[in-house]
Structures are given as C-alpha cells and as structure tokens.
Amino acid sequence: MPMPIFPLARLGHFRAELHACFTRRADALFELGDALLCAQAVPSLPHLSLEPVHRRGWGSIYAALARGRINTQRLRDLLVSSLPPAGPLVFAVDVTTWPRCDAECSPERGYYYHPSRHSAGQPIIAGWAYQWICQLSFARDSWTAPVDAVRLHPADDTDQQAAVQVRALLGRLPAGGPVPLFVFDAGYDSAQLTLDLAEERVAVLVRLRSGRCFYHDPPPRPPGATGRPRRHGAKFNLADPATWPAPTATLTCQDDQYGAVTVQAWAGLHPKQHRHPGHGTGGPRPIVRGTIVRVQVERVPARTRPPKVLWLWWAGPGELDLDLAWHAYIRRFDLEHTVRFCKQTLGWTTPRPRHPAQADRWTWLVLAGYTQLRLARQVAGDQRLPWERPRPQPRLSPYRVRRGFPRLLCTLGSPATTPKPSGRSPGRPKGRRSEPAPRYPALKKSHIKQTKATRPPDRP
C-alpha cells in the first residue's frame, strides 16, 4: 500500500506495517518497542515492563528477544518507503561498536576501536560492531533516516560488507532517480569501494588522510620505446603543495557558518592499489581512477581551534558537483548524532543479551523506534521543561519528540492484541540444574589480505 500523505496517517500506517514485519512474538515485540519510546530512561529491560503501554509481564520481554522473529527484508523495505523526500539522495555509512567486554559467554565478539573506553591502555574493546546506513538531509538539525544496520563478523571485510549493503539499498530505491551519493569516513578504503561499486549507478565520497599519495596517468610512450610500459605518472602528494598541478575545477563560495570556502578538484588520479581480486596471482594491479577534492574553510562553527584542510575522494558517474560534495561530507556528522541518541537516550547498548541474534532484534526495534519519532516530528507537541527554550514545530529535536510521543499513542492506538491471562508460570522443574554456559573468546581480525578465491564464507 502507498504511504499516506498526512503525518499522523503516515505514522499509523508505519506502525501497522511494522507489526506485520514481526512474524513471531509480534505483540510482545511491538509493545516492547512502544515501551522503549515512552520510557523516560532505559536502565534495564525489565524496567520497560513498568510502562503503561506494555501490557504484558516482564518475562515477555526476554521471550520476545530470545524467540521472536523479524522479517528483516520487509522491515528494510518499510524503512526505505518511509524516507523523506529529498532532491540529492545522500547516505552516510559508518561502523559503531556495542561494548561486550566481560561477556565471555557471548559468541562472535571481536576487538574494535573505541574512542572513550580503553583496555590495557589502548582504545580497544571487545564487542559487536554494527554498520549503519542513514539518509542525510541538508537542514541544520540532527535528524537522519536510518535504513539499514548489519552486525559485522570479526572476519568480515568492512569495505566489502559496505558494498553489499549499498547494492541491496540501491535495489530498494526507485529506478530512474538521481544518482545517490554515499559518504564514508577515513576508515574505509576509497579505491576498494570504488572498485566494488564500479558496475553500480552510485557515487562514493570518502575522506582521505592528509599523508596519502596519488598518481597521474603516465605520458604516452615515444615511438620505438621498449620495455615494460609505465603504469604511474607524476606523483600527487597531499602533504606537498609542490606536487599539485593546476586544479581541473575550482569553487569559491561564502557560508555563514564556515566563512569563505575554497574547493579545488583534480580529476583522473589513482592510488597504488594493494587490495584487489587478483592479489597474489602475479597479475597487474587494477587502476582505479577518481577525483581528489580539497576543501579549505575560513573558520569552524565552534571557533575553538583553527580549521584543517579536508581531503576527499569522489568517484561515480556524471560530473562532480563541488558544492554538493563538501556540503554532503559536513552533514555526515549527523549520523554520529543519531548513533549517540540511540545509545544514550533509547538505550541501544544498555541491554546485555547473550546471543548476537537477540542483539540484532533489539537493534531493529531501536531503528524502527527512531523512525517513528521522525514521522511524529510534525505532530508531536513540545513538552519542554521550564528552563528550556521554546522551539517551533519543525525544529523539535529527537529528544523532545520522544518526550511528547506517549500522548500520540492515545490517538494512534496499538495494532497488538490484548494479552490473555495465562496463570502463574510453573517455573523450573524440581531437581533440574542449568549447565554451565560455553565460553567464547573474542576473535582477532587477521591482517592477512585474502583474495576472493581463498576468502572464507561470511559466517565461518
């Protein structure tokens, strides 16, 4: 069914379709999601059963996460169908970590970087990593539109998994529209992403470290030259202005937040590719060409430090829009605001499930709950505190929309059926003892670059 036009009808339609995405323990999963949006805080999972919208016992929460089932493909289609209208489709991709340092009985944990938590003096923790994809907007707010979240196995390649998610998302977007742009941080390999998505109608924008080197195409060989032809021409060092030729495109504009902005681009450059499908076979390395973009601003909005030069890699069909490129990367930080809101306010990483499948179901409930808050943005009332400044309706933050969401549920209702009394649980049979849970050490990601022929399956 098509998505309704009016905001309240859109929210009601989304909730009905969301309930249909739960194929097992649907009512318990749905009421758990409503309790998540109505609770003032999420100290633990049993505390959500105290909310009035949760009409079942606290044991149904554990049963829903342990034995519930979610049709993830249908839920992904629902999230894409509820995306806000936008001219240039811009998506941000990033990896965030769910810390599970002491969960020795939880399988498929790996060691990942964490900016604030340390282990033995290093910013490394054991846990699960999730790769999120969110649609960005150019409005000055912290709202995004999450469309996908996949848990990464420690043996998975982050760039290849990102390419798989991008292809799946392209299949759900309407055909014939503008070329979507996907923005990545510096932790991704720009050339590998471009190589994996070379056959797709998509553009990629990746931040580069300031010490990278790229190369022009070699000049034509003179007649009668012998020997192996050159594959790389003049070097383009990002840290050495003496190696920069005249830019192929330049943009100068004025921004009220960043002041004078100068954007320069050099097209037709390529790196020395080390990760490719033919690695280890002795064959030639592929040449992956793209455009290097340099962004220099006059000031940063906080004005607490001098601005730094931003280097970007762009590759895709059509012509590069410099104004869209630098604005798109600036809006990429909205994804970090969304992840922080889901962790701190919605309690995404607060529960401590043992099995990763339970964490996946909880993650989908959090993404669906955030989408409901975005759909309720235009109809939720501002329940501000006395010391908070009033905000107009379109400018409400996710935190304030969540504060006024319980009143909307009185109008919307719930598609979940009324629970039936089942009596007292018989409990554990007398004399039965629980076996000790197996231990799973955290896995270290191998640094050996494997080819596609020798790479193990996604879930070994």
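The values are calculated or read from the model by the stated rules, or taken from the named source; none is laboratory data. Predicted, not measured: the structure shown is a model, and the values here were computed from it. As a convention, Cβ positions derive from the backbone with ideal geometry for all residues, glycine included, and neighbour counts pool all protein chains shown. For the accessible areas, the whole protein counts, side chains as well, though only heavy atoms, and no ligand, DNA or RNA atoms are used. Shrake-Rupley method; radii C 1.70, N 1.55, O 1.52, S 1.80 Å.
For the residues GLY268, GLY233, GLY224, GLY259, the requirement of being of a type outside the set (Val, Ile, Thr) and modelled with pLDDT under 90 singles out GLY224. You will find that of VAL183, VAL204, the residue that is in contact with a Leu (Cβ under 6 Å, 6 or more places away or on another chain), surrounded by 17 or more Cβ atoms within 10 Å (Cβ to Cβ) and over 25 Å from CYS342 (Cα atoms) is VAL204 and no other.
One line per residue, one yes/no per condition, for (1) outside any helix (DSSP H, G or I); (2) open to solvent by 30 Å² or more (accessible area, probe 1.4 Å):
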| site | (1), (2) |
| --- | --- |
| ARG10 | no, yes |
| LEU32 | no, no |
| HIS47 | no, yes |
| VAL53 | yes, yes |
| PRO85 | yes, yes |
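Is at least one residue of region 381-398 within 30 Å of VAL295 (Cβ to Cβ), open to solvent by 50 Å² or more (accessible area, probe 1.4 Å) and under 18 Å from the mean Cα position of the chain (by Cα)? No, region 381-398 contains no residue that is within 30 Å of VAL295 (Cβ to Cβ), open to solvent by 50 Å² or more (accessible area, probe 1.4 Å) and under 18 Å from the mean Cα position of the chain (by Cα). None of PRO174, PRO247, PRO222 is open to solvent by 60 Å² or more (accessible area, probe 1.4 Å) and over 30 Å from SER81 (Cα atoms) except PRO222.
Considering only residues in region 63-83 that are outside any helix (DSSP H, G or I) and among the hydrophobic types (A, V, I, L, M, F, W, C), the one that is nearest to LEU375 (Cα to Cα) turns out to be LEU83. For region 34-45, the set of residues classified as among the hydrophobic types (A, V, I, L, M, F, W, C), open to solvent by less than 10 Å² (accessible area, probe 1.4 Å) and within 17 Å of ALA416 (Cα to Cα) consists of ALA35, LEU36, LEU37, listed by residue number. Within region 298-313, does at least one residue satisfy the condition of being under 22 Å from ASP159 (Cβ atoms), open to solvent by less than 20 Å² (accessible area, probe 1.4 Å), touching a Leu at 6+ places or on another chain (Cβ under 8 Å) and among the aromatic types (Phe, Trp, Tyr)? Yes.
A residue that is modelled with pLDDT under 90 and either within 24 Å of the chain's Cα centre (by Cα) or part of a helix (DSSP H, G or I) (or both) cannot be found anywhere in region 286-293.
Please determine whether any residue of region 102-109 is among the polar types (S, T, N, Q) and open to solvent by less than 10 Å² (accessible area, probe 1.4 Å). Yes, that holds for at least one residue. Do the conditions hold for ALA20, that is, is it of a type in the set (Gly, Ala, Ser) and open to solvent by less than 10 Å² (accessible area, probe 1.4 Å)? No. For region 126-139, the count of residues that are in contact (Cβ under 8 Å) with a residue 24 or more places away in the chain, assigned to a loop (DSSP other than H, G, I, E, B), out of contact with any strand residue (DSSP E or B) (no Cβ under 9 Å at 6 or more places or on another chain) and within 30 Å of ARG361 (Cβ to Cβ) is zero.
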